[in-house]
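Undergrad: Quick one: the structure is below, and I'll ask about it shortly.
Please treat every number below as a calculation from the coordinates, not as lab data. Keep in mind that what you see is a predicted model, and the values were worked out from it rather than measured. Methodologically, a virtual Cβ is constructed for each residue, glycine included, from the backbone with ideal geometry; neighbour enumeration extends over all protein chains shown.
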Amino acid sequence: MRRTLVAVTASAGLAGLASLTALVGSLVPATAQAQSLRRCNGMVVLCSRRVGEVAFATAHNAMSSPADKFRGPNQGKPMSWQLDHGIRGFQIDAYLGVPVGARVHTSLTGPLTAAQQDMSPTLLAAGKQLNAQLGRELDAKDLQNVAPGVYLCHTFCELGFVKMVDELRVVRQFLDAHPNEVLQFVIQEYVPPEQLRAEFTAAGLGDELAAYVQGEPLPTLGQMIDAGTHLLVSLENGDGGPQLPNAFNGLVEETPFTFLKVTQLRGAASCVDNRGVPGSPAFQLNHWVTPPVPTHAEAANRLLPSRAATCQRTRGRIPTLIAVDFAERSDVVRVARRINAAS
């Protein structure tokens, strides 16, 4: 090969030398060229955008599906399916619970918040009854001193649960197979931050948590991927420091989340400020009807493109966490892609 190149250079003079230089130059930056063509969350252009400039298709109560026997689920498919089909944002609820046979007793403290009561009155009453019943069983068996574990539940683990570490291991497997993806989690947590951090560590995700310091710019997707921190995780209630910051203390602003009728999702009134500091880097568009019913969700999801556009105009920014019920019955992934392509 070396003899051929010398012969070409000798016979072609300066023109040949220029050609050879171009040939070598085309070979040297091959990895850099591949880097420039890398797709982050499916698009080349997103690699250079900050997390707060990218729309993430998001599942509300993502852990709540029939696959894990949740009663009154918010999703029709489990998180593994959601990941495979383009969901990149996850709203999940974390609780402390004690196993009682095949069931789990929820360790509730204090009165239920409005966010915990977004289910039908019948299901809410059933949850309270089952929680009290299992609590009595625990007392009768003198198991009240058993250390609780961390579960993903919707208010009552008695109505459906999955171990948090198990779902996070699903995320670990996904990231291993898709190293150019970035995910966001907003956790409605009733668990101390240090226990949540331990769950991420146990699932092999402890080093994947990106840090956010209030007032500083969010990283780009490319920067997160290069650093090996594919997860931006925030908490609704507590604050676990830069890697588990409070969502609504400077990171996320949102729309209201309680809509009892599909018609309430129409118009600018559905886009007004709710929790969060105005101007926060991330903007969460809550788009569902309470309680979760598949047919109602389908009707609500048909309004998603127009409502996303309305809220973008009203708030003067793109929605970056577009959260829906029954994501498999929606165009949320396509809506997010359209926003990302147009912005």
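Undergrad: So what is the orientation-averaged projected area of the stretch 236-327, using the convex hull of its C-alpha atoms, in nm²? Show your work: numbers first, answer last.
TA: Values: hull surface 23.8 nm².
The orientation-averaged projected area of the Cα hull of the stretch 236-327 comes to 5.9 nm².
Undergrad: Over the stretch 106-158, what portion of Cα pair distances is larger than 12 Å, expressed as a whole percent?
TA: On the way: 959 of 1378 pairs.
Cα-Cα pairs in the stretch 106-158 separated by more than 12 Å: 70 percent.
Undergrad: Quick check: pseudo-label points 7 Å beyond the Cα along Cα→Cβ at GLU137 and LYS261, how many nm apart are they?
TA: 4.1
Undergrad: If you don't mind, there's one more thing I want to ask. Using alpha-carbon pairs under 8 Å, 6+ residues apart, how would you state the relative contact order of the chain in percent? If you can, show how the numbers build up before the last one.
TA: Values: 636 pairs, mean separation 69.6, N = 343.
So the answer I get is 20 percent.
Undergrad: Could I ask something else about it? On C-alpha positions alone, give me the angle between the axis of helix 304-315 and the longest principal axis of the chain, in degrees, nearest 10.
TA: Tilt relative to the chain: about 80 degrees.
Undergrad: In vacuum, with every alpha carbon of the stretch 132-199 counted as one equal point scatterer, what does the Debye formula give for log10 I(q)/I(0) at q = 0.22, 0.28 Å⁻¹? Two decimals, please.
TA: -1.11, -1.32
Undergrad: For every helix of n ≥ 4 consecutive DSSP H residues, a contribution of -39,500 (n - 2.57) applies; sum these over the chain, divide by its total residues, and give [θ] at 222 nm rounded to the nearest 500 deg cm²/dmol. Write out the running numbers ahead of the final one.
TA: Details: 10 runs with 122 residues, N = 343.
When only DSSP H runs of four or more count, the value is -11000 deg cm²/dmol.
Undergrad: Rounded to two decimals, what is the ratio between the C-alpha radius of gyration of the stretch 136-292 and 2.2 N^0.38 Å?
TA: Details: Rg = 17.9 Å, N = 157, 2.2 N^0.38 = 15.0 Å.
Its radius of gyration relative to the 2.2 N^0.38 Å reference: 1.19.
Undergrad: If you fit an axis through the alpha-carbon atoms of helix 2-27 and take the longest principal axis of the Cα set of the chain, what angle between them do you get, 0 to 90°, nearest 10?
TA: 20
Undergrad: Which one, [x] 46; [y] 63; [z] 59, gives percent of Cα pairs over 28 Å apart as derived from the coordinates shown?
TA: The value matching this structure is [x].
Undergrad: Next question, about the same structure. Scaled to the compact-protein estimate 2.2 N^0.38 Å, what is the alpha-carbon radius of gyration of the stretch 66-216, rounded to two decimal places?
TA: Details: Rg = 16.4 Å, N = 151, 2.2 N^0.38 = 14.8 Å.
Relative to the rule-of-thumb radius for its length, the stretch 66-216 sits at 1.11.
Undergrad: Out of the DSSP beta bridges found with both residues in the chain, what percent are antiparallel (nearest 5)? Please report the intermediate quantities before stating the final value.
TA: Numbers: 14 of 40 bridges.
Antiparallel: roughly 35 percent of the beta bridges in the chain.
Undergrad: Where does each of 42-53, 102-113, 277-288, 222-233 land if you order them by average Cβ count within 10 Å, highest first? Please report the intermediate quantities before stating the final value.
TA: Values: 42-53: 17.3, 102-113: 14.8, 277-288: 21.2, 222-233: 18.9.
Result, highest mean Cβ count within 10 Å first: 277-288, 222-233, 42-53, 102-113.
Undergrad: Roughly what angle does helix 164-177 make with the longest principal axis of the chain, taking Cα atoms, 0 to 90 degrees, to the nearest 10?
TA: 10
Undergrad: Something else now. Per the Kirkwood treatment, what hydrodynamic radius in Å, one decimal, follows for the stretch 66-144 from the mean inverse distance over all distinct Cα pairs?
TA: On the way: mean 1/r = 0.0679 Å⁻¹.
Evaluated over the stretch 66-144, this radius sits at 14.7 Å.
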